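Asks: My structure is below; once you've seen it, I'll send some questions.
The values are calculated or read from the model by the stated rules, or taken from the named source; none is laboratory data. Computed from a predicted structure; not experimentally measured. Backbone-built Cβ (ideal geometry, glycine too); neighbour counts: all protein chains shown. Ligands, DNA and RNA are excluded from the accessible area calculation, which covers all protein heavy atoms including side chains. Shrake-Rupley method; radii C 1.70, N 1.55, O 1.52, S 1.80 Å.
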Amino acid sequence: LSVKEMPFDDRNRHYLGREYMFYNRYDDAIRELKHHLGMPNATWAAERAASMRFIGRCYQYKGEHEEAERWFIRSCGEAPSEREPWVELAKFLYVKQDWEGVYSACKRALIIPDKSQSYIREPFAWNHEPYDMLGQAAWWMGLKHEGLKHMKTAIEMCPNSADLPRLKKNLELCEHLLQQETV
């Protein structure tokens, strides 16, 4: 209704696209979010990057992975000083087991120290997830000691998370495998 009443309001167009995504209406979401990006008053980089991330998610959910990756990468370029685009790209690449890509995206994300105070901020970019993915990527790339360090950081960052048992099990397994290599 708000978009119908104020069709030139870029924020509401972004919100509508996001809501469509939340309701699994991916084609509608993509259409609205692309419309948002084409609006001359849609200039806030963090919000534009969020629209691009949401478009990427929609394409990913539709199984159009190459298009999804393009949008996640575009999101990083739109707001390189925001952590969310980099972590979202890492999450996408993690599923593909593109360890070098995950490693790079997580490293880039983690040099951003300050949380945005805007509504765009996503908890997954600021909790244990980047460290978890970075640890696993480093491990699979053969950077085993670095991997263990990041796995331990992930555990320290989520003392009450449902992910904690998995994180601990991964760390124990990797420590065991590393110990076997030195025997």
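Asks: State all residues of the stretch 86-98 that are open to solvent by less than 80 Å² (accessible area, probe 1.4 Å), out of contact with any Lys or Arg (no Cβ under 6 Å at 6 or more places or on another chain) and part of a helix (DSSP H, G or I); if no residue qualifies, say none. Walk me through how you get there before you give the answer.
Replies: Going through the stretch 86-98, the residues open to solvent by less than 80 Å² (accessible area, probe 1.4 Å) turn out to be 86-94, 98.
Next, only the ones that are out of contact with any Lys or Arg (no Cβ under 6 Å at 6 or more places or on another chain) stay: 87, 89-94, 98.
Within the stretch 86-98, Val87, Leu89, Ala90, Lys91, Phe92, Leu93, Tyr94 qualify.
Asks: May I pose another question? Taking the condition closer than 28 Å to Leu37 by Cβ, out of contact with any Phe, Trp or Tyr (no Cβ under 7 Å at 6 or more places or on another chain) and without any contact (Cβ under 8 Å) to a residue 24 or more places away in the chain, does Ser104 pass?
Replies: Values: closer than 28 Å to Leu37 by Cβ: yes; out of contact with any Phe, Trp or Tyr (no Cβ under 7 Å at 6 or more places or on another chain): yes; without any contact (Cβ under 8 Å) to a residue 24 or more places away in the chain: yes.
It is true that Ser104 is closer than 28 Å to Leu37 by Cβ, out of contact with any Phe, Trp or Tyr (no Cβ under 7 Å at 6 or more places or on another chain) and without any contact (Cβ under 8 Å) to a residue 24 or more places away in the chain.
Asks: For residues that are modelled with pLDDT of 95 or more and either touching a strand residue (DSSP E or B) at 6+ places or on another chain (Cβ under 7 Å) or basic (Lys, Arg) (or both), scanning just the stretch 99-147, find the one that is least open to solvent (accessible area, probe 1.4 Å).
Replies: Among those that are modelled with pLDDT of 95 or more and either touching a strand residue (DSSP E or B) at 6+ places or on another chain (Cβ under 7 Å) or basic (Lys, Arg) (or both), it is Lys144.
Asks: So is Ile73 out of contact with any helix residue (DSSP H, G or I) (no Cβ under 6 Å at 6 or more places or on another chain), of a type outside the set (S, T, N, Q), under 22 Å from His128 (Cβ atoms) and open to solvent by 40 Å² or more (accessible area, probe 1.4 Å) or not? Don't jump to the end; show me each part of the working.
Replies: Values: out of contact with any helix residue (DSSP H, G or I) (no Cβ under 6 Å at 6 or more places or on another chain): yes; of a type outside the set (S, T, N, Q): yes; under 22 Å from His128 (Cβ atoms): no; open to solvent by 40 Å² or more (accessible area, probe 1.4 Å): yes.
In short, no.
Asks: Which ones in the stretch 124-165 are touching a residue at least 12 places away in the same chain (Cβ under 8 Å) and of a type in the set (Gly, Ala, Ser)?
Replies: Result: Ala125, Gly135, Ala137, Ala138, Gly147, Ala154, Ser161.
Asks: Follow-up question, since we're still on this one. Against the conditions (1) open to solvent by 20 Å² or more (accessible area, probe 1.4 Å); (2) in contact with a Pro (Cβ under 6 Å, 6 or more places away or on another chain), where does Ser161 fall short? Just the number, please.
Replies: Here Ser161 meets the rest and fails (2).
Asks: Could you check, for the stretch 60-73, whether at least one of its residues is farther than 25 Å from Met21 by Cα and part of a loop (DSSP other than H, G, I, E, B)?
Replies: Looking only at the stretch 60-73, we keep the residues that are farther than 25 Å from Met21 by Cα, and these are none.
Scanning the stretch 60-73, I find no residue that is farther than 25 Å from Met21 by Cα and part of a loop (DSSP other than H, G, I, E, B), so the answer is no.
Asks: Sort out which residues of the stretch 152-177 are part of a helix (DSSP H, G or I) and within 19 Å of Arg83 (Cα to Cα), and write them in order of number. Step through it out loud before you land on a result.
Replies: Just the residues of the stretch 152-177 that are part of a helix (DSSP H, G or I), to begin with: 152-157, 164-177.
Passing the criteria: Thr153, Ala154, Met157.
Asks: Please report, ordered by residue number, the helices (runs of 4 or more DSSP H) entirely within the stretch 1-57 with at least 2 residues that are buried (at least 16 other Cβ atoms within 10 Å of the Cβ).
Replies: Of the helices (runs of 4 or more DSSP H) lying wholly inside the stretch 1-57, those with at least 2 residues that are buried (at least 16 other Cβ atoms within 10 Å of the Cβ) span 10-22, 26-38.
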